[in-house]
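Before any comments, here is the structure.
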Amino acid sequence: MSNNEAQKFPPEVWKLFDKYVHGAISRREFIDRAGACAVAGMSGAAILDALNPKFAEAQQIAPTDSRIKAEYVEIPAPGYGKLRGYLVKPASAKGKLPTVLVVHENRGLNPHIEDVARRVALENFIAFAPDALFPLGGYPGDEDKAREQFQKLDQAKTREDFIAAADYLKKLPQGTGKVAVTGFCYGGGVANFLATRVPDLAAAVPFYGTPPAPEEAGKIKAPLLLQFAETDERINAAWPASEAALKSAGVKYQAFVYPGTQHGFNNDTTPRYNKEAADLAWKRTIEFFKENLRAS
């Protein structure tokens with residue numbers, strides 16, 4: 001089944017899938033309940049297969065692309081002791097470059113997020129995409145197993161390790177010392193968290209991540225560009241109180257809601273992908289980074 005065909009699933013299927021990918025229901029419960037939805041000729045298992053990512057089909061930039069230099073690096077981190085990530089630089093870089101931390105969804109550093117890091121590098125930034133699952137063996141190559149592993153993480157330790165990743169980029173010899181962050185779903189929440197914990201963060205662009213907690217808004221010094229899906233009740237419910245707190249604290253922010261989109265609309269490996277919205281959100285993201293990372 002193509003992504004275009006899968007996009008025609010009824011709303012009940014999408015709501016079930018959102019619950020499944022975020023751990024609210026089990027794989028078995030998704031299959032049983034999705035199978036009861038009115039999807040002609042498809043079992044619950046077939047529906048799940050159609051919704052799962054197709055990494056190879058969506059890859060935009062090959063890992064061997066001559067325009068980039070990519071490697072995996074390990075850095076000391078206070079939470080779990082060590083963090084591994086994917087570091088990507090433009091091959092033609094001259095002089096020092098600004099840096100961008102790229103934070104994955106709740107499956108760890110999968111091929112899609114590595115591709116996103118390569119896209120960032122081709123915009124003439126140094127990108128670093130850590131794998132929160134590294135302490136548990138790293139991304140396992142299977143989305144279901146990755147979600148199961150993710151639930152075993154000690155998030156207090158993981159958050160400290162993401163702070164260490166931002167510090168690593170700040171001190172990177174090839175970098176200018178300016179660090180921004182973008183993240184998706186879980187990673188969007190991490191981007192908002194880092195904005196409250198890293199005072200000299202240059203910019204944060206969370207995609208459909210848990211908004212900043214109202215009581216934390218006063219700690220944010222970085223400008224924010226928040227990207228929301230229109231059909232995303234779980235995330236959007238927290239936004240009004242968060243936005244009021246950001247305004248009260250005088251935080252510089254922009255927020256965009258993309259009509260007709262679902263949570264995960266930027267992920268071009270799944271049927272939730274919305275090309276028009278994703279292209280616009282990505283254009284805004286890169287422009288925002290250029291404005292805040294390259295300004296004198």
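The values are calculated or read from the model by the stated rules, or taken from the named source; none is laboratory data. Note that the coordinates shown come from a computational prediction; the quantities given were computed from them, not determined experimentally. In this analysis, Cβ positions are derived from the backbone assuming ideal geometry, glycine residues included, and neighbour counts consider all displayed protein chains. Just so you know, the surface numbers come from the protein's heavy atoms only, side chains and all, with ligands and any DNA or RNA stripped out. Shrake-Rupley method; radii C 1.70, N 1.55, O 1.52, S 1.80 Å.
List of remarks:
- Filter result for Ile75 (touching a Leu at 6+ places or on another chain (Cβ under 6 Å) and closer than 17 Å to Leu109 by Cβ): yes
- In summary, Thr269 fulfils each of the numbered conditions (1) open to solvent by 30 Å² or more (accessible area, probe 1.4 Å); (2) at pLDDT below 95 with the single exception of condition (1).
- For Gly85, the conditions (1) under 19 Å from Lys283 (Cα atoms); (2) open to solvent by less than 10 Å² (accessible area, probe 1.4 Å) are fulfilled apart from (1).
- Applying a threshold of 7 Å to beta carbon distances and a minimum spacing of six or more residues, or different chains, the list of pairs starting in the range 120-147 at a residue that is closer than 23 Å to Ala45 by Cα and open to solvent by less than 10 Å² (accessible area, probe 1.4 Å) and ending at one that is modelled with pLDDT of 95 or more and among the aliphatic types (A, V, I, L, M) reads Ala146/Leu133.
- Check on Ile25, more than 25 Å from Asp161 (Cβ to Cβ), aliphatic (A, V, I, L, M) and free of Cβ contacts under 8 Å to residues at least 12 places away in the same chain: yes
A quick yes/no check of all residues on (1) assigned to a loop (DSSP other than H, G, I, E, B); (2) open to solvent by less than 50 Å² (accessible area, probe 1.4 Å); (3) under 24 Å from Ala166 (Cβ atoms):
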position	(1), (2), (3)
Leu194	no, yes, yes
Ala241	no, no, no
Thr261	no, yes, no
Asp279	no, no, no
Phe289	no, yes, yes
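- Answer from Ala70, Ala93, Ala62 - the residue that is aliphatic (A, V, I, L, M), open to solvent by 10 Å² or more (accessible area, probe 1.4 Å), over 24 Å from Arg272 (Cα atoms) and outside any strand (DSSP E or B): Ala93
- Test: Val251 is open to solvent by 50 Å² or more (accessible area, probe 1.4 Å) and of a type in the set (A, V, I, L, M): no
- Between Leu83, Leu16, Leu87, the distinction of being part of a helix (DSSP H, G or I) and either touching a residue at least 40 places away in the same chain (Cβ under 8 Å) or not hydroxyl-bearing (Ser, Thr, Tyr) (or both) belongs to Leu16 only.
- Within the range 215-239, the residues that satisfy the criterion of being at pLDDT 95 or above, open to solvent by 60 Å² or more (accessible area, probe 1.4 Å) and out of contact with any Asp or Glu (no Cβ under 8 Å at 6 or more places or on another chain) are Glu215, Lys219, Glu230, Ala237.
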